[in-house]
Amino acid sequence: MDAKTALKSGIDTGNMVSMAYLDDLTDEEMMKRPHPGCNHIKWQVGHLIASEHQMIEGVAPGSMPPLPEGFVEKYSKETATSDDPSAFDSKDELLRVYQEQRAGTLAALAATDDAALSGAAPESMQAYAPTVGSAFSMQGGHWLMHAGQWAVLRRQLGRPPLF
């Protein structure tokens with residue numbers, strides 16, 4: 001298995017787990033917090049989408065589709081404490097934007113030369129993704145980090161474990 005195939009496998013695994021956890025949740029359920037100190041799922045999904053766009057655009061400039069106007073601001077640290085459902089996109093809209101961004105990520109990965117994967121990521125990303133390859137790797141891992149909270153909320157809602 002080559003590096004790009006391994007990276008895509010990790011991205012696809014994060015997608016499979018995350019989409020399974022989100023599949024049967026309603027918009028209302030996505031506004032619940034698994035714990036008072038945690039962010040609700042709608043904010044988390046928006047944050048993940050905005051982060052994916054920023055990271056991949058950072059390592060492959062011009063490769064990502066544009067985000068909807070105001071999207072990054074809607075899912076910033078400043079909005080994380082809001083419990084107003086009207087301040088966030090619907091589940092359907094979030095998943096639509098996610099699919100656009102993920103397609104951009106996979107196209108950027110496919111277009112990246114194997115040797116470039118070892119290249120340095122931008123300085124702003126060095127603490128969590130020091131190389132181009134690690135920025136791509138984060139796309140599966142970052143979603144999985146958040147999906148752990150979604151598993152807890154699903155159990156609180158009476159849903160059976162999926163994995």
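The values are calculated or read from the model by the stated rules, or taken from the named source; none is laboratory data. Please read these numbers as outputs of a predicted model, since none were measured by experiment. No Cβ is skipped: glycine too gets one built from the backbone with ideal geometry, and neighbour counts run over all protein chains shown.
Would you pick out the residues in region 28-81 that are free of Cβ contacts under 8 Å to residues at least 24 places away in the same chain, of a type in the set (Asp, Glu) and in a loop (DSSP other than H, G, I, E, B)?
Listed by number, the list holds a single entry, Glu69.
Restricting to region 86-120, count the residues that are in contact with a Pro (Cβ under 6 Å, 6 or more places away or on another chain) and of a type in the set (Gly, Ala, Ser).
Keep residues of region 86-120 that are in contact with a Pro (Cβ under 6 Å, 6 or more places away or on another chain), which gives 100, 104.
Next, from what is left, pick out any that are of a type in the set (Gly, Ala, Ser): 104.
So the count comes out to 1.
Among the residues of region 105-163 satisfying the criterion of being outside any loop (DSSP other than H, G, I, E, B) and among the aromatic types (Phe, Trp, Tyr), which is farthest from Ala20 (Cα to Cα)? Before you say what the answer is, go through the steps one by one.
Of region 105-163, the ones outside any loop (DSSP other than H, G, I, E, B) are 105-111, 114-118, 120, 123-125, 131-156.
Next, from what is left, pick out any that are among the aromatic types (Phe, Trp, Tyr): 136, 143, 150.
Numbers: Phe136: 21, Trp143: 12, Trp150: 10 Å.
The extreme case among them is Phe136.
Ala116 - would you say it is of a type in the set (Gly, Ala, Ser) and over 18 Å from the mean Cα position of the chain (by Cα)?
Numbers: of a type in the set (Gly, Ala, Ser): yes; over 18 Å from the mean Cα position of the chain (by Cα): yes.
For Ala116, the condition - of a type in the set (Gly, Ala, Ser) and over 18 Å from the mean Cα position of the chain (by Cα) - is met.
Out of region 1-26, which residues are farther than 30 Å from Gly119 by Cα and either modelled with pLDDT under 95 or crowded, with 18+ Cβ neighbours inside 10 Å (or both)?
Start the filter on region 1-26 by keeping residues that are farther than 30 Å from Gly119 by Cα, which leaves 19-26.
Within region 1-26, Tyr21, Leu22, Leu25 meet the criteria.
Can you name the number of the only condition in (1) within 19 Å of Ser18 (Cα to Cα); (2) crowded, with 17+ Cβ neighbours inside 10 Å; (3) under 16 Å from the mean Cα position of the chain (by Cα) that Asp92 fails?
All conditions are met except number (2).
For region 27-54: of the residues being farther than 14 Å from Asp89 by Cβ and of a type in the set (S, T, N, Q), which is surrounded by the most Cβ atoms within 10 Å (Cβ to Cβ)?
Among residues in region 27-54 that are farther than 14 Å from Asp89 by Cβ and of a type in the set (S, T, N, Q), the one surrounded by the most Cβ atoms within 10 Å (Cβ to Cβ) is Asn39.
Does region 108-138 hold any residues that are surrounded by fewer than 12 Cβ atoms within 10 Å (Cβ to Cβ) and either within 30 Å of Glu28 (Cα to Cα) or in contact with a Cys (Cβ under 8 Å, 6 or more places away or on another chain) (or both), and which are they?
none
For region 139-151, check the following and say yes or no: at least one residue is in contact with an Asp or Glu (Cβ under 8 Å, 6 or more places away or on another chain) and either hydrophobic (A, V, I, L, M, F, W, C) or surrounded by fewer than 12 Cβ atoms within 10 Å (Cβ to Cβ) (or both). I'd like the intermediate steps shown before the answer.
Just the residues of region 139-151 that are in contact with an Asp or Glu (Cβ under 8 Å, 6 or more places away or on another chain), to begin with: 139-140, 142.
Then keep just the ones that are either hydrophobic (A, V, I, L, M, F, W, C) or surrounded by fewer than 12 Cβ atoms within 10 Å (Cβ to Cβ) (or both); that gives none.
No.
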